[in-house]
Amino acid sequence: MAGVLKLIDVTTFERSLSTWSLLPRWSIGALAFLVPIVELGLACAWFAGVVRPVVLWLALDFLVAATGLYVSHAIFLEPPECGCLGTLGDYLRIRREVPAIVVRNGILALGIGVGLVVRWRPSPTDKPGPYDA
């Protein structure tokens, strides 16, 4: 959902990314498109059942990297605008408070972690893939 909301209003997301001082200025325009595309790609791959453990690890890596960058800003500079939910975030008045965003991302990471630990029982007609353990 977050990827869709960012793509609906790329300009607002790009403006929020411009507050992330640790990102090179030249990368802001590309990231405004790449971040939501990666988010959507991971979600679509998961729903399609494409190598779910790999998709979950990639989603967790992406979330940890984004949270780490956010926390780095908060510690060394000032918290940037999150822009995580596009204009819906403005509507819901998501606070720019570091603890709230870190807790939210921690809950998301926990959900991804549970998905990595819990094994879904395949149906008897399913054949194991190359990445299934």
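Coordinate-derived values only; no laboratory data. These numbers were taken from a predicted model, which means no experiment stands behind them. Cβ sites come from the backbone with ideal geometry, for glycine too, and all protein chains shown count toward neighbours.
Using a 10 Å cut-off around each Cβ, can you sort 27, 18 from fewest to most neighbouring Cβ atoms?
27, 18
Most exposed first by the Cβ proxy, i.e. fewest other Cβ within 10 Å, how do 46, 26 rank? Each step should come with its number before you reach the end.
Values: 46 18, 26 7.
Ordered from fewest to most neighbouring Cβ atoms within 10 Å, 46, 26 come out as 26, 46.
Can you figure out the FRET efficiency of residue 54 with residue 103, using R₀ = 30 Å and their beta-carbon distance, to the nearest 0.05? Walk me through the numbers before you get to the answer.
Numbers: r = 27 Å, r/R0 = 0.89.
Taking R0 as 30 Å, the efficiency between residue 54 and residue 103 is 0.65.
What do you get when you divide the Cα radius of gyration of the range 3-44 by 2.2 N^0.38 Å, with N the number of residues?
Values: Rg = 10.2 Å, N = 42, 2.2 N^0.38 = 9.1 Å.
This ratio for the range 3-44 stands at 1.12.
Among 101, 107, rank each residue by its count of other Cβ atoms within 10 Å, from fewest to most, as a rough exposure measure.
Result, fewest neighbours first: 107, 101.
Normalised radius of gyration for the range 1-83, please: alpha carbon Rg relative to 2.2 N^0.38 Å, two decimal places.
For the range 1-83, the normalised Cα radius of gyration is 1.15.
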